[in-house]
Amino acid sequence: MSDIETRFRALQDQIRQAELHAHRPPGSVTLIAVSKTRPVAEILALAHTGQRHFAENYLQESIPKIQACANADLIWHFIGRIQSNKTKEIARHYAWVHSIDGFPVAAALNKHRPPSLPPLNVCVQINIHQEPRKGGVSLQEWPELALSISKLPNLFLRGIMVMSPEHSTLVQQHSCFAKAREALLSLKPTIPLLDTLSMGMSGDLVPAIMEGSTMVRIGSALFGVRDPSQK
Ligand SMILES: *Cc1c(COP(=O)(O)O)cnc(C)c1O
């Protein structure tokens, strides 16, 4: 087995164990491979082992990669900061966007989603602790923003993306992820189709799954540690 396949199998085991431990059905957590900075050859190697969901942070970098993988039938997720002049391309090339951080971005994605494609699946990024280096809206802004987005015909509001605070303890990670879960549940009576908690990365996937994550976004634990000069 290649290194990447070995890491992929180990990660699948780890996710399965965490699901069991959390008394959740096997397969309730979707693994998204974060392929930022990684070459097409590695994406295709992983796709060959059966991985279908991939995520990118930087639009420019991602488009040639998405095009090069067109025959592999992959599902692409955009998880980076969204500049308003990039919404047109994002709306054309992606199936999911996790990093919605305000109504203008949502409205622009809605406007640019090609009619030939199904609605774009979106999550609102919540910045629970209002960390300046991260994007996202506050917990207080979530209900009103979610209601407005849920009315846009070319978007399908699925849920929330969060990241635990930098250098946080396990207890702080649990608390952050539990807040996201509560925010999702609080709106489910109003927007019944909400079903997604995009939370958990290489360093905190177990607490995320314990708190109800449905999508973990994993980069370094799959592909190896990234060059520190690149994010
Ligand atoms: C880079 C990135 C990830 C993956 O991080 P790892 O620690 O390498 O698993 C997940 N989510 C977002 C938003 C990212 O930018």
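The values are calculated or read from the model by the stated rules, or taken from the named source; none is laboratory data. Worth saying up front: this structure is predicted, and the values here are computed from it rather than measured. In this analysis, Cβ positions are derived from the backbone assuming ideal geometry, glycine residues included, and neighbour counts consider all displayed protein chains. Calculation scope for accessible area: heavy atoms of the full protein, side chains included, ligands and nucleic acids excluded. Shrake-Rupley method; radii C 1.70, N 1.55, O 1.52, S 1.80 Å.
Observations on the structure shown:
- Solvent exposure of segment 1-54 as accessible area per residue, Å², 1.4 Å probe: 54 Å²
- Fraction of accessible area attributable to carbon and sulfur, the chain (%, probe 1.4 Å): 56 percent
- Cα-projected label distance for Arg226 with Glu182, points at 7 Å along beta-carbon direction, nm: 3.1 nm
- Separation of the Ser116 and Leu170 label points, Cα + 7 Å toward Cβ, nm: 5.1 nm
- Computed over protein heavy atoms with a 1.4 Å probe, the accessible surface of segment 192-231 works out to 39 Å² per residue.
- For segment 176-181, Karplus couplings with θ = phi - 60° (6.51, -1.76, 1.60), whole Hz, Gly/Pro x: 4, 5, 5, 5, 5, 4
- With 0.36 nm allotted per residue and the present C-alpha distance subtracted, the Ala95-Glu144 stretch has 15.2 nm of extension available.
- Cα Rg, Dmax, the chain, angstrom units: 16.8, 49
- Stokes-Einstein diffusion of segment 1-76 at 25 °C, 0.890 mPa s viscosity, Kirkwood radius from Cα pairs, rounded to a whole number: 183 µm²/s.
- By the equivalent-ellipsoid construction on the alpha carbon gyration tensor, segment 30-152 comes out with semi-axes of 26, 17, 13 Å, ordered largest to smallest.
- Subset of Lys88/Lys111; Lys134/Lys188; Lys36/Lys179 violating a 19 Å alpha-carbon distance limit: Lys134/Lys188; Lys36/Lys179
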